[in-house]
Amino acid sequence: MISMEVLFAFLAASVLITIAPGPDNLMVLSVGISRGRSAGIGFGLGCALGCFTHTLWATLGIGAVVLASATTFTTLKMAGAAYLVYIGVQAWRYAGTMALTKLDDGSVEPLGVHVRRGFIANVINPKVALFFIAFLPQFVDPARGTVWIQMLLLGALFAAQTVLIFGSLGWFAGSVGARLQRQPRLAVWLDRGAAAIFFALALHLATAGR
């Protein structure tokens, strides 16, 4: 199996990659600040599940096969961009009302709602799929056991540290957002700022090349 030295090196690299500024970090932070702690944590967990899904695709070779097609790549990235635009429109439309976090009767939306949003935003991003296809094999040694088992193990480890980091980001962002949301005018601009971030990420994804 994978040596401890390789596991520690992989974990260190994964943590650095996860905490580095990127689309997932920005989405978790913006959702947490504008929609609350539960939303931020849930969105982060969804992104982590998306990462593990990309691991499965890379392990099974599905990701490489799918992304080998220019048409499929374009379809996936446009679908991902459209979904980010959808989230941004919702944030802009209900700016200052916390409408995505609370239902009409004042109850809080289930955590699963935000997990689903984070999962979809991550899993339909072909750039994330490309990352895992390139990243995981660098830490796999065929001489030390079955390749697909090693990749699944590495993917599970990556997802686990992502849960901790994104969950912490969501909690922190939600804590800050809860204080800021007490000011109605500022709450409106927080939501619009979150919407702008999603629009920018959508544009970046839509114009990304292979």
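List of remarks:
- You will find that of Leu157, Leu130, the residue that is more than 30 Å from Ala196 (Cβ to Cβ), at pLDDT 80 or above and in a helix (DSSP H, G or I) is Leu157 and no other.
- Some residue of segment 133-155 being surrounded by 14 or more Cβ atoms within 10 Å (Cβ to Cβ) and among the hydroxyl-bearing types (Ser, Thr, Tyr): no
- Test result for Gly112, at pLDDT 75 or above and surrounded by fewer than 13 Cβ atoms within 10 Å (Cβ to Cβ): yes
- Residues in segment 1-41 that are in contact with a Phe, Trp or Tyr (Cβ under 6 Å, 6 or more places away or on another chain), under 30 Å from Val89 (Cα atoms) and modelled with pLDDT under 90: Val31, Arg37.
The values are calculated or read from the model by the stated rules, or taken from the named source; none is laboratory data. The model shown is predicted, which means the values in this text are computed figures rather than measured ones. Note: ideal-geometry Cβ built from the backbone for every residue, glycine included; neighbour counts use all protein chains shown.
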